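First up is the structure itself, then whatever we jot down about it.
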Amino acid sequence: MNYQDIATLLQSDPSLIEVNVRGWVRSFRSNRFIALNDGSTLHNLQCVVDYDNFEEALLKKITTGAAIAVTGVLVESQGSGQAVEIQVSSLEVLGVADPEEVKKTILSPKRHSLEKLREQAHLRVRTNTFGAVMRMRSKLSFAVHEYFQKNGFYYMHTPIITGSDAEGAGEMFRVSNLSLENPPTTEDGDIDFKKDFFGKETNLTVSGQLEAETFAMGLGKVYTFGPTFRAENSNTSRHLAEFWMIEPEVAFYDLADNMDLAEDFIKYVLRYVLEHCADDLEFLENRLLQEEKSKPQNERSEMTLREKLHFVVDNNFKRVSYTEAIDILKNSKPNKKKKFKYPIDAWGADLQSEHERFLVEKHFKCPVILFDYPATIKAFYMRLNEDEKTVRAMDVLFPGIGEIVGGSQREERYDVLKSKMEQMDIPEEELWWYLELRKFGTAVHSGFGLGFERLVQFATGMGNIRDVIPYPRTPGNAEF
Ligand code: 4AD
Ligand code: MG
């Protein structure tokens, strides 16, 4: 059967032509007004039934949560909430929803906390908030592809199962089909991974970067957009154990080109949602305003959600070297007053999110790109600077989010990379192919990784990363 989506109908002019719609009942008022939602838009379609023409038994089944099919004509609405509504001529209940059962769920029409929504993640997509966030997540995904495809990048799929640790951080999920009770062992009593499925130790990928580099050195401009996994025990509002990362990698780009790319890309996708998600953005902006009312005045944000997005789109990101940033932090009020949990006393300190947020939210008050970090706190593959102390790393820091992008110019010199790997105990047997890239037509190249959920958080104003992904995986939680 042919039916139309509510988003399209709500944009249409009233006409006498009959239309069919399907969706889920949000509410049924006075035995007359059905608020119907099909997910295509935040807005409900008002369907007006003339109860004299319908069986009592049928009307009883039109309850919150039920799936129904409606046929009728689209007429000018008599009510004030909408321009058009449906005058129902026939109605079919496709799937009932027992009101007593619905009462116990987040489908019941009242305010539910985001925590409660997470517990019923299989139903939360039918709420206004989560529906809006997920529509925006989808639009942002499309914008990501559109940006790269328009700019000559090729999309590549990097492996999910890998035999190497791209970040050298060792926080990986093992992939194995060996018996946990009785694994095969070597003569020394260690687990014998030669007998494992792949004949070696394997893990879920933490980043597609190293494989993306191999493709950049042949296709020129590439990007990945896929799931990545980190077994870090971080219970924060910005960490997931499974998250989606976008990783462009470009041959012949240096760090400055890389910064330009990151800035241009982020602005493009945010502009895209400003243009294409007006209703959902307006809704989420109001949600945020309501939420912030419960906060003390000085913790409320100065800008509304859309003002924040416009601010990022319309202003240059501030580019600051790590060394400059350390000076600012060292002399900052919170540092002097010992307000930082990790005080900054010397060059070389790793920056914590409290420091990043100070720089972005209090000092510069705009997105910041920090670059040229100490080699000791960054990954092995980053290009060593002439000072031999710093590497061509860059992090993009966002208000309310902290680090949204991490990237670098890559070490393209064979000998330098080889000795760096030795210093950092990165086994050459694992990454011989990565090293070999530097033997055959090596060239300056750069790339970065953007955490997609952090981008969705920024664009939707959601405070917790668990509320911007369908089914969050975090320490102790893999329900659904
Ligand atoms: O800074 P990271 O660890 O960089 C890399 O993985 C590089 N290999 C990327 C590259 O150069 N191609 O991670 C990149 C971004 C972070 O800036 C952050 O936005 C996000 O990924 N991220 C996470 N997002 C959610 N949960 C986590 N546990 C995350 N860890 C990193
Ligand atoms: Mg990082």
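The values are calculated or read from the model by the stated rules, or taken from the named source; none is laboratory data. Quantities reported herein were computed from a predicted structural model and do not represent experimental measurements. All Cβ positions, glycine included, derive from the backbone under ideal geometry; neighbour counts span all protein chains shown. For the accessible areas, the whole protein counts, side chains as well, though only heavy atoms, and no ligand, DNA or RNA atoms are used. Shrake-Rupley method; radii C 1.70, N 1.55, O 1.52, S 1.80 Å.
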(request) Name, by its number, the condition in (1) away from ligand 1 (no atom under 14 Å from the Cβ); (2) surrounded by fewer than 18 Cβ atoms within 10 Å (Cβ to Cβ); (3) of a type in the set (A, V, I, L, M, F, W, C) that does not hold for Ile377. (result) (1)
(message) Take the conditions modelled with pLDDT under 95, closer than 28 Å to Thr474 by Cβ, open to solvent by 50 Å² or more (accessible area, probe 1.4 Å) and among the hydroxyl-bearing types (Ser, Thr, Tyr) and apply them to Ser234. Does it pass?
(response) no
(message) So for region 6-19 (the condition being assigned to a strand (DSSP E or B) and farther than 30 Å from Leu281 by Cα), does at least one residue qualify?
(response) yes
(request) Please enumerate the residues belonging to region 218-236 that are within 9 Å of Glu249 (Cβ to Cβ) and either within 10 Å of ligand 1 (Cβ to nearest atom) or not charged (D, E, K, R) (or both). (result) Val222, Tyr223, Thr224
(request) Hey, can you tell me all the residues within region 183-216 that are out of contact with any strand residue (DSSP E or B) (no Cβ under 8 Å at 6 or more places or on another chain) and within 16 Å of ligand 2 (Cβ to nearest atom)? (result) Leu210
(request) Could you check how many residues of region 37-83 are open to solvent by 30 Å² or more (accessible area, probe 1.4 Å) and part of a helix (DSSP H, G or I)? (result) 7
(request) Could you please find all residues in region 361-407 being within 15 Å of ligand 2 (Cβ to nearest atom) and more than 30 Å from Tyr434 (Cα to Cα)? (result) Val368, Phe398, Ile401, Gly402
(request) Return the only residue of Asp350, Asp327 being at negative phi, away from ligand 2 (no atom under 14 Å from the Cβ) and open to solvent by 20 Å² or more (accessible area, probe 1.4 Å). (result) Asp327
(request) Looking only at region 407-414, decide whether some residue is within 30 Å of Phe198 (Cα to Cα) and part of a helix (DSSP H, G or I). (result) yes
(request) From the list Leu219, Leu180, pick out the single residue that is open to solvent by 60 Å² or more (accessible area, probe 1.4 Å), in the same structural domain as Leu305 (by TED's automatic domain parsing) and away from ligand 2 (no atom under 16 Å from the Cβ). (result) Leu219
(message) If the requirement is being in contact with a helix residue (DSSP H, G or I) (Cβ under 9 Å, 6 or more places away or on another chain), open to solvent by 60 Å² or more (accessible area, probe 1.4 Å), within 27 Å of Leu210 (Cβ to Cβ) and away from ligand 2 (no atom under 16 Å from the Cβ), which of these qualifies: Arg319, Arg271, Arg300, Arg306?
(response) Arg319
(message) Looking at region 4-32, I want the residues that are free of Cβ contacts under 8 Å to residues at least 40 places away in the same chain and have a partner that is loosely packed, with under 14 Cβ neighbours inside 10 Å and of a type outside the set (Gly, Ala, Ser) with Cβ atoms under 7 Å, at least 6 apart or on another chain. Which pairs are those?
(response) Asn31/Tyr51; Arg32/Tyr51
(request) Would you confirm whether any residue within region 430-442 is within 14 Å of ligand 1 (Cβ to nearest atom) and over 14 Å from the mean Cα position of the chain (by Cα)? (result) yes
(request) Answer yes or no as to whether Leu91 is surrounded by 14 or more Cβ atoms within 10 Å (Cβ to Cβ), outside the structural domain of Tyr272 (by TED's automatic domain parsing) and under 27 Å from the mean Cα position of the chain (by Cα). (result) no
(request) Could you please find all residues in region 377-406 being at pLDDT below 95, outside any strand (DSSP E or B) and not aliphatic (A, V, I, L, M)? (result) Pro399, Gly400
(message) Could you tell me how many of the residues in region 144-158 are assigned to a helix (DSSP H, G or I) and more than 21 Å from the chain's Cα centre (by Cα)?
(response) 1
(message) It is to be established whether one or more residues within region 399-414 are more than 16 Å from ligand 1 (Cβ to nearest atom) and of a type outside the set (Asp, Glu).
(response) yes
(request) Scan (1) more than 16 Å from ligand 2 (Cβ to nearest atom); (2) open to solvent by less than 20 Å² (accessible area, probe 1.4 Å); (3) touching a His at 6+ places or on another chain (Cβ under 9 Å) for the single condition Asp467 breaks and write down its number. (result) (3)
(message) Just to verify a result, which residue in region 416-432, among those that are acidic (Asp, Glu) and part of a helix (DSSP H, G or I), is surrounded by the most Cβ atoms within 10 Å (Cβ to Cβ)?
(response) Glu430
(message) Return the residues of region 348-380 that are closer than 26 Å to Asn316 by Cβ and of a type in the set (Asp, Glu); say none if nothing qualifies.
(response) Glu354, Glu356, Glu361, Asp372
